[in-house]
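Below: the structure, in structure tokens.
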Amino acid sequence: MKSWIDNTKPISKIDAEICYLLKDDFYYGPDSHPQIVERKEVDPLPMLDFPRVVEQMARTSEVSGHEHQLANYYSGVLSAAKRHEKSFNEIRQYFWLRFWLWNSEEDIHVGFPWYDTLGEIENFIKSVIETESGEVFYDVDQGWELDVYAKDGFLYIQERDPDYDEVYYSVSVPRDPLIKILIELIERADTQIESLSNLVGHNYWRSREPVEMPAKEASGVSKKLWWKLW
């Protein structure tokens, strides 16, 4: 068993959410820092008017019932990409997701800064649900390390910066209530992304697989919808 588990702080619960990252505009200028910062070469993107805790993120719980608005936002991204002849690799950041575990009362916010797709998030959630005892999850990447262990009905979670040997959080939380939250979350996210995919014509959120930007109407996409996109 890992030594850090003995020193975790017990907390009563932890919440979880998947968020769609939002931007105010579409940048089409050169890929250089000064121009990106100045943001002179931009097109506005459709605004979302449903309530959100954070303006630049939409939680799945906030999106429920507003999927068409969010699809309109992503259609605006795709239209701008087509207009400025951008490949999907140049615009994929507009479709990134973020996953969080948190307890605001305890000031615990476990982040997944390098997990941009639903597939990556689902892999973590699946591991938490399926592993009752032992190593649940471990990943390290660019100054971020997350270790999750299961034992006696609890999950032990440690997030740290391995480059500076700095521990951000080291907590234990009851496993079953979190699993219930995660199951509801991934079902909600799957349903929403299926709806978004149908509305915009492709699932841009699930994986990092290369996507070829279509040059003409694709099968399965109505002419009416295609006109709206392009």
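The values are calculated or read from the model by the stated rules, or taken from the named source; none is laboratory data. It should be emphasised that the depicted structure is a prediction, and the values quoted were computed from it without experimental measurement. All Cβ positions, even for glycine, are placed from backbone atoms using ideal geometry, and neighbour counts span all protein chains on display. For the accessible areas, the whole protein counts, side chains as well, though only heavy atoms, and no ligand, DNA or RNA atoms are used. Shrake-Rupley method; radii C 1.70, N 1.55, O 1.52, S 1.80 Å.
What tally of residues in region 8-21 results from selecting those that are surrounded by fewer than 18 Cβ atoms within 10 Å (Cβ to Cβ), in a loop (DSSP other than H, G, I, E, B) and of a type in the set (A, V, I, L, M, F, W, C)? Spell out how you get there, then give the answer.
Here is the first cut: in region 8-21, the ones surrounded by fewer than 18 Cβ atoms within 10 Å (Cβ to Cβ) are 9-13, 15, 21.
Filter once more, keeping what is in a loop (DSSP other than H, G, I, E, B): 11-13.
Within this subset, residues satisfying the condition of being of a type in the set (A, V, I, L, M, F, W, C) are 11.
Summing the residues that are surrounded by fewer than 18 Cβ atoms within 10 Å (Cβ to Cβ), in a loop (DSSP other than H, G, I, E, B) and of a type in the set (A, V, I, L, M, F, W, C) in region 8-21 gives 1.
Within region 121-137, which residues are assigned to a helix (DSSP H, G or I) and either hydrophobic (A, V, I, L, M, F, W, C) or touching a strand residue (DSSP E or B) at 6+ places or on another chain (Cβ under 8 Å) (or both)? So that I can check it myself, show each step before the final result.
Here is the first cut: in region 121-137, the ones assigned to a helix (DSSP H, G or I) are 121-130.
Selection gives Ile121, Phe124, Ile125, Ser127, Val128, Ile129.
Identify, from the list Gly111, Gly134, the residue that is farther than 30 Å from Phe95 by Cα and out of contact with any helix residue (DSSP H, G or I) (no Cβ under 9 Å at 6 or more places or on another chain). Working first, answer last.
Values: Gly111 fails: farther than 30 Å from Phe95 by Cα.
Being farther than 30 Å from Phe95 by Cα and out of contact with any helix residue (DSSP H, G or I) (no Cβ under 9 Å at 6 or more places or on another chain) holds for just one of Gly111, Gly134, which is Gly134.
For region 93-116, check the following and say yes or no: at least one residue is out of contact with any His (no Cβ under 6 Å at 6 or more places or on another chain), open to solvent by 30 Å² or more (accessible area, probe 1.4 Å), under 16 Å from Leu146 (Cα atoms) and part of a helix (DSSP H, G or I). Talk me through it step by step, then tell me what you get.
Within region 93-116, the subset out of contact with any His (no Cβ under 6 Å at 6 or more places or on another chain) is 93-101, 103-116.
This time we only want the ones that are open to solvent by 30 Å² or more (accessible area, probe 1.4 Å), so: 93, 96, 98, 100, 104-107, 109, 113-114.
Still in the running and under 16 Å from Leu146 (Cα atoms): 98, 100, 109, 113-114.
Checking the rest, the ones that are also part of a helix (DSSP H, G or I) come to none.
So far as region 93-116 goes, no, none of its residues is out of contact with any His (no Cβ under 6 Å at 6 or more places or on another chain), open to solvent by 30 Å² or more (accessible area, probe 1.4 Å), under 16 Å from Leu146 (Cα atoms) and part of a helix (DSSP H, G or I).
For region 56-68, enumerate the residues that are farther than 16 Å from Phe99 by Cα and either open to solvent by less than 40 Å² (accessible area, probe 1.4 Å) or under 18 Å from the mean Cα position of the chain (by Cα) (or both). Give the derivation first.
First, pick out the residues of region 56-68 that are farther than 16 Å from Phe99 by Cα: 64-68.
Answer for region 56-68, where residues must be farther than 16 Å from Phe99 by Cα and either open to solvent by less than 40 Å² (accessible area, probe 1.4 Å) or under 18 Å from the mean Cα position of the chain (by Cα) (or both): Ser64, His66, Glu67.
Identify the single condition in (1) open to solvent by 50 Å² or more (accessible area, probe 1.4 Å); (2) of a type in the set (Asp, Glu); (3) over 20 Å from the mean Cα position of the chain (by Cα) that Asp43 does not satisfy, given that it satisfies every other one.
Of the numbered conditions (1) open to solvent by 50 Å² or more (accessible area, probe 1.4 Å); (2) of a type in the set (Asp, Glu); (3) over 20 Å from the mean Cα position of the chain (by Cα), the odd one out for Asp43 is (1).
For Tyr204, indicate whether it is open to solvent by less than 40 Å² (accessible area, probe 1.4 Å), of a type in the set (Ser, Thr, Tyr) and at pLDDT 95 or above.
On the way: open to solvent by less than 40 Å² (accessible area, probe 1.4 Å): yes; of a type in the set (Ser, Thr, Tyr): yes; at pLDDT 95 or above: yes.
Here the answer is yes, as Tyr204 does meet what is asked.
Considering only residues that are part of a helix (DSSP H, G or I) and either in contact with a helix residue (DSSP H, G or I) (Cβ under 9 Å, 6 or more places away or on another chain) or open to solvent by less than 20 Å² (accessible area, probe 1.4 Å) (or both), which ones fall in region 167-190?
Passing the criteria: Arg175, Leu178, Ile179, Leu182, Ile183, Leu185, Ile186, Arg188, Ala189, Asp190.
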